[in-house]
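What follows is one structure encoded as structure tokens, with my remarks underneath.
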Amino acid sequence: MPYRLTLSDIMTREVVTLSEEDSLEDARSCMERGRIRHLPVVRGDKLVGLVTHRDLLAASFSVFAEVSRQEEHRLFSQIPVTELMHDAVTAPPTMPVREAAKLLLENKFGCLPVVDEEGRLLGIVTEADFLKLAVKMLEAIDA
């Protein structure tokens, strides 16, 4: 039987996370510094939610609102990520890559947090991980 790729094979294991006490400003800062779009929120090592770049954009004040950038930063620093985070669809590390890709495409998800049976965050799989895999496969075909 041929080897089947699982999420454990392609997931990013060193994940930038937030705690429930972190603010929306902390989330925005992490995203800007790390150039990332998905931040799992954890309690200890267990996943409790997810904050995405899209969530932060939706929460940002409109350019038409009369709120300065400084005031927005001040307000964001007072709002905990728990006010914005949402439940995340998760996957086990043993999930086949093909199944995960279909799940992302069909639901228009940008990521899948990878967790064990107890809900501990093991890693994350994003669209970028699938692009890296596609490049490797294309290079193998060309070799």
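List of remarks:
- Selection status of residue 79, in contact with an Asp or Glu (Cβ under 9 Å, 6 or more places away or on another chain), loosely packed, with under 15 Cβ neighbours inside 10 Å and hydrophobic (A, V, I, L, M, F, W, C): yes
- Filtering the stretch 91-105 for residues that are closer than 27 Å to residue 25 by Cβ and open to solvent by 20 Å² or more (accessible area, probe 1.4 Å) leaves an empty set.
- Residue among 29, 23 that is in contact with a Ser or Thr (Cβ under 8 Å, 6 or more places away or on another chain), of a type in the set (Ser, Thr, Tyr), over 17 Å from residue 87 (Cβ atoms) and surrounded by 15 or more Cβ atoms within 10 Å (Cβ to Cβ): 23
- Checking residue 141 against (1) part of a helix (DSSP H, G or I); (2) touching a Leu at 6+ places or on another chain (Cβ under 6 Å); (3) within 22 Å of residue 10 (Cα to Cα), the condition it does not meet: (2)
- Scanning the stretch 84-113 for residues that are closer than 15 Å to residue 39 by Cβ and touching a residue at least 24 places away in the same chain (Cβ under 8 Å) gives 84, 85, 86, 87, 88, 90, 110, 111, 112, 113.
- Per this entry, residue 124 is counted among residues that are touching a strand residue (DSSP E or B) at 6+ places or on another chain (Cβ under 9 Å) and buried (at least 19 other Cβ atoms within 10 Å of the Cβ).
The values are calculated or read from the model by the stated rules, or taken from the named source; none is laboratory data. Just so you know, these numbers come straight off a predicted model, no measurement behind them. No Cβ is skipped: glycine too gets one built from the backbone with ideal geometry, and neighbour counts run over all protein chains shown. These area figures cover heavy atoms from the full protein model, side chains too; ligands, DNA and RNA do not enter into them. Shrake-Rupley method; radii C 1.70, N 1.55, O 1.52, S 1.80 Å.
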